[in-house]
Amino acid sequence: PETAAWNLVYPAQFQVAPAVVNLATHTTVIADDGSWRSRHQLQVTNESRQFLPVVLPQGSRLLYCLVEGRPGRVVIRGEGNDTRHLIPIPQSGALASGFEVEFALAGRFDESAASIRDEWKSSRLTIPVPTFPEFRDDPEYGISVSRNRWSVYVPNSWRATMVEDPEATNVEQAASTALQDAMLL
């Protein structure tokens, strides 16, 4: 009898991010004096990372950090533009379904802008937001962020509109039902 010939084909392997932020909810509140505060809630799943890396906006300071509702001790690595704040996170074995990381920041817009608030009426402000190094750019610490939700509150005396220039921003206005869908996912 003839033996059947088998051709073994191995599936392609792709390296995936060892930690993923499934949903990042950012809330920024701006005061009339040029100061701002922001709160960031992250739904995280972690396969093998020890830290969640965060790059803070220039001139901001970390107010607090909670991991699973408990205070976390943030480690600072690097200098200048390479400074990363590393938040210790649990491994997936302990929390396979994911967990929440929450932190808050505070800062001020450019001091010269704060002294000439009247000129803000016709200015375009860049709202400060922390960034998370991508896994493909930083294999040692990087992560992936799947979805972001961002709410910005300005003083009642301001009239603010969102910039709708795709070359200047990737922010889109969304209905509140879109958040509910993202949280379910």
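A short reminder: the numbers here are calculations on the coordinates, not readings from a lab. Quick caveat, the model's predicted, so the values are computed rather than measured. A quick note on method: Cβ atoms are made from the backbone with ideal geometry, for glycine too, and the neighbour counts reach across all protein chains shown.
Note down the net charge around residue 171, summing +1 for each Lys or Arg and -1 for each Asp or Glu among other residues with Cβ under 14 Å from its Cβ. Walk me through the intermediate numbers first.
Numbers: positive: 124, 147, 149; negative: 164, 165, 167, 172.
For residues surrounding residue 171, the net value is -1.
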Burial order of peptide ranges 77-88, 144-155 (average beta-carbon count within 10 Å, highest first): 144-155, 77-88
